[in-house]
Amino acid sequence: MTPNDLGKNFTVEDCERLPVYSFFKDFRTNLKKAALSSTLEVSQTKVSLAATPTRFGGFRLWFLCPHCERKIKVLLIHPFTGKVGCRGCLGLTYRKQRYKGMVEGNFV
C-alpha cells in the first residue's frame with residue numbers, strides 16, 4: 001500500500017457533490033432581497049419591485065405601477081407625455097383592439 005492508496009477504489013458516487021450553482025444560490029437570493037428593498041428611477045419616476053412565490057420555492061419579480069400599485073411585468077413609457085406606468089393607467093390599447101373597434105363601428 002502506498003501513501004496515495006487508501007485501500008479502496010473510490011467512485012464518483014462515493015464523493016460529496018458541490019455543483020457550481022450551489023455557491024450562487026445564496027448570492028441570488030440576497031441579490032433579489034436587496035432589489036426588493038430598493039426603488040428604481042425610470043424617467044424621473046420612482047418604481048418599486050414586488051415578489052410573489054412560485055410553486056417550487058422560488059419567487060417571481062414584478063414592477064409595481066407607480067400610479068395604481070398593480071404588479072406588472074413590463075413598464076411602459078408614454079411616447080408623448082413621458083409618463084411611466086401600466087397599460088391601464090396610461091390609457092393605452094393594443095393596435096388589434098383599436099382595429100376591432102373600427103370594424104364594429106365603435107371608433108376608439
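Things to note:
- Pair list, Cβ under 6 Å, 6 or more apart: the range 45-62 residue more than 15 Å from Arg28 (Cα to Cα) and in contact (Cβ under 8 Å) with a residue 12 or more places away in the chain, other residue assigned to a strand (DSSP E or B) and aliphatic (A, V, I, L, M): Thr45/Val84; Val47/Leu40; Ser48/Leu64; Leu49/Leu61; Ala50/Leu64; Trp62/Ala50
- Per the listing Ile72, Ile77, the residue uniquely touching a Phe, Trp or Tyr at 6+ places or on another chain (Cβ under 6 Å) and surrounded by 13 or more Cβ atoms within 10 Å (Cβ to Cβ) is Ile72.
- Checked against (1) assigned to a helix (DSSP H, G or I); (2) over 16 Å from the mean Cα position of the chain (by Cα), Phe80 passes all but a single condition, namely (1).
- Among the residues listed as Phe63, Phe107, Phe27, the single one being modelled with pLDDT of 80 or more and out of contact with any Leu (no Cβ under 9 Å at 6 or more places or on another chain): Phe27
The values are calculated or read from the model by the stated rules, or taken from the named source; none is laboratory data. Bear in mind that the values here come from a model prediction, so they are computed numbers and not experimental data. Here the Cβ is made from the backbone with ideal geometry for all residues, glycine too, and neighbour counts use every protein chain on show.
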